Amino acid sequence: MTHHDGRKPGLAEDTVALVAGLADLAVCGLSGAVGSVKGLLRRSDLGDLLADGQEETKARGRLLLDRHGAPPPAHMEVLARTVTARSEGEGQ
């Protein structure tokens, strides 16, 4: 899920990250959160709190996917492919 070329994740990637984050939260246990729901509903900044929670959940999902997803290509492999592509381009 990490983009090494600097581009931002798309809607589909955000959705997958959000779902993965929610699944990770469920596995870690949500029983403690049930007791604090009453206090959260009384807060005046509930909208901001929910938006922050959504962003944190997406970030948690991205970390989970990065940890368990496909590893990035090896640095030396990328360099070798770049050199090969350049040498083939110069030979023509």
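Bear in mind these aren't lab numbers, they're just calculated from the coordinates by the rules spelled out. Computed from a predicted structure; not experimentally measured. Please note: Cβ atoms are built from the backbone with ideal geometry, for glycine as well, and neighbour counts cover all protein chains shown.
GLY47 satisfies every condition listed in (1) in contact with a Leu (Cβ under 7 Å, 6 or more places away or on another chain); (2) without any contact (Cβ under 8 Å) to a residue 24 or more places away in the chain except (1).
I need the full set of residues from region 51-92 which are of a type outside the set (Lys, Arg) and in contact with a Ser or Thr (Cβ under 8 Å, 6 or more places away or on another chain), in order please.
Answer for region 51-92, where residues must be of a type outside the set (Lys, Arg) and in contact with a Ser or Thr (Cβ under 8 Å, 6 or more places away or on another chain): ASP66, PRO72.
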